[in-house]
Each structure stands twice: as structure tokens, then as C-alpha cells.
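**Student:** I am attaching a structure below and will ask some questions about it afterwards.
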């Protein structure tokens, strides 16, 4: 079996083709699983706007109350839940960039610390971001059951002009998340039966770092359109701030361990 160390480079869907054969995997996306308290804290820290600092000093309960007052029920309740989810995925993305999208030096450092672990982590985190994108943007109904997604917004918006704007933005979201949904449907949730035993994964839609960035930007556009209309400000989800004990804390601990290991071996520190 070939090496499982991680490498720096533009991510694409081909990584699974190699991983399935025991080869190297390319850089993935995501962060450690977030618990509900972390998520609530994250929303609080990320809720500052491009038109002011609405939410910067509000608790999660106060943010929810403000949404309900501005939008009414059930739109305000739906917005509050989905706003948390959008914050969550942006935190995953931010931590991915910190771990795997910073520099070749960071990749070398992670390979020095625990190459097999971080190679496996990339696989898990990449899949998680794809699945999260799909959960946020799935149709309102599937398999005869309702889904809680941003596609639910139009039916709850009474203002005709706003509803039309949101519907147009959702069309863009649908296009920009095709790659994630293809992977979700044919590889991550269900394993597509191959036409031939030798068939590989080339038919799957490519998925790159750029594709994820574009998909997240489209999701933000929907959220911001609603926020500006009802709350006169927009949340800068892409600048969400992680709570204490996040990826920076992990890296500091790893740095101490790697430095000590290299010292014992008589090697230069990173």
C-alpha cells in the first residue's frame, strides 16, 4: 500500500479514486464536529453585519428574538435555525483552510505530527462539507417528507418582490451545488453500482475548493437578501469566529509535541 500522507494542492473529486486504492488523498474540508453549545456561541460571535454590528453583543436567544420580531413566525424561526447551520458550515470551512489550505509548511507539519490520522481526517471532513451543503440546499420535499432547507424560504415570504429575488438566488444555489449533490447521491450516501467492474469515478461531478467557495457564496447571498430586507443588515458568515478550544488550540499542542520529537532526534524545529 502506498503512503497515506497528505499533500498540498487543488482539491478535486479524483482523490477518492486514489483513496479507494490505498493511495494518497488530496486536501479535504471541514472541522471537528460541533456541539450545540459551540454552535450557539459561534452564531453569537459571527453575527456582525456589513451595515453595523447588530448581534455582536447579543446572546443566541436575543438574536432569535430579533429575527422573530422582524420576520414574524414561522419565517423568523426558520431563519434562525438555518442561520445557525450556515454559520456552522462556514466554521468548518474556515478550519479546513487553517489545517489544509494554508501552506506547504503546514502540510509538512501535519505529516510530521500524525500523517495517517490527518490523511483519514481529510476524507471525513471533505465528505462532511459536501453533505452539509446538500442538507442546506435540498428540495423542500424528498421521499414524501419535508426537509428544513433554504428552499423553504419563498413559501414563507409574503413580500412579492423579495420572494422573487430569493427564488432567483436559489436558482444560482442549485447550480452551484450540483457537484456536492452528485457526490452525495452516488457515492457518500449511496454507492452507485458500476456499469462495469473496472469502472472508476470519472463520471462523478468534479468538486474543488473553488466550487465549495462558490457554493457558500451563493448560500450567503440568499441569507443576506432576507436579512437586509427584514433586519436592515447582513451577517458576515465568512468571518465567523470560532470559540475557545478550536483549531488554533489544537495546532499549538501539536507544535509543542512535534518540536519535542524533533529535539530528541536532533533535528531542526519547524
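The values are calculated or read from the model by the stated rules, or taken from the named source; none is laboratory data. Keep in mind that this is a model prediction, so the values were computed, not measured. Neighbour counts run over all protein chains shown; Cβ positions are idealised from the backbone, glycine included.
**Student:** Out of all the residues in region 231-253, which are over 24 Å from the mean Cα position of the chain (by Cα) and under 16 Å from residue 98 (Cβ atoms)?
**Tutor:** Once the filter is applied, which keeps residues that are over 24 Å from the mean Cα position of the chain (by Cα) and under 16 Å from residue 98 (Cβ atoms), region 231-253 yields only 253.
**Student:** For region 247-266, indicate whether the set of residues that are touching a strand residue (DSSP E or B) at 6+ places or on another chain (Cβ under 8 Å) and at pLDDT 85 or above is non-empty.
**Tutor:** Checked against the condition, which is being touching a strand residue (DSSP E or B) at 6+ places or on another chain (Cβ under 8 Å) and at pLDDT 85 or above, region 247-266 yields no hits at all.
**Student:** If I go through region 122-154 residue by residue, how many of them are closer than 30 Å to residue 263 by Cα and either without any contact (Cβ under 8 Å) to a residue 60 or more places away in the chain or surrounded by fewer than 19 Cβ atoms within 10 Å (Cβ to Cβ) (or both)?
**Tutor:** Residues in region 122-154 being closer than 30 Å to residue 263 by Cα and either without any contact (Cβ under 8 Å) to a residue 60 or more places away in the chain or surrounded by fewer than 19 Cβ atoms within 10 Å (Cβ to Cβ) (or both): 0 in total.
**Student:** Could you say which residue among 221, 208, 234 is in contact with a strand residue (DSSP E or B) (Cβ under 9 Å, 6 or more places away or on another chain) and in contact (Cβ under 8 Å) with a residue 24 or more places away in the chain?
**Tutor:** Result: 234 is the single residue among 221, 208, 234 that is in contact with a strand residue (DSSP E or B) (Cβ under 9 Å, 6 or more places away or on another chain) and in contact (Cβ under 8 Å) with a residue 24 or more places away in the chain.
**Student:** Could you run through region 95-116 and say how many residues are assigned to a helix (DSSP H, G or I) and within 17 Å of the chain's Cα centre (by Cα)?
**Tutor:** Counting residues in region 95-116 that are assigned to a helix (DSSP H, G or I) and within 17 Å of the chain's Cα centre (by Cα) gives 6.
**Student:** Also, I was wondering about something else. Before we move on, is residue 184 closer than 27 Å to residue 124 by Cα and assigned to a helix (DSSP H, G or I)?
**Tutor:** Yes: the conditions hold for residue 184.
**Student:** Now a separate question. Which numbered condition in (1) modelled with pLDDT of 95 or more; (2) farther than 30 Å from residue 156 by Cα is the only one that residue 193 fails?
**Tutor:** Only one criterion in (1) modelled with pLDDT of 95 or more; (2) farther than 30 Å from residue 156 by Cα is unmet by residue 193, namely (1).
One line per residue, one yes/no per condition, for (1) under 19 Å from residue 125 (Cα atoms); (2) in a loop (DSSP other than H, G, I, E, B):
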site: 169; (1), (2): no, no
site: 175; (1), (2): no, no
site: 180; (1), (2): yes, no
site: 205; (1), (2): yes, yes
site: 210; (1), (2): yes, no
site: 215; (1), (2): yes, no
site: 245; (1), (2): yes, yes
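**Student:** Taking residue 139, is it more than 17 Å from residue 210 (Cα to Cα), modelled with pLDDT of 95 or more and not in a helix (DSSP H, G or I)?
**Tutor:** So residue 139 fits the description; yes.
**Student:** For region 87-133, which residues satisfy the criterion of being touching a strand residue (DSSP E or B) at 6+ places or on another chain (Cβ under 8 Å) and closer than 24 Å to residue 185 by Cβ?
**Tutor:** Correct list: 122, 123.
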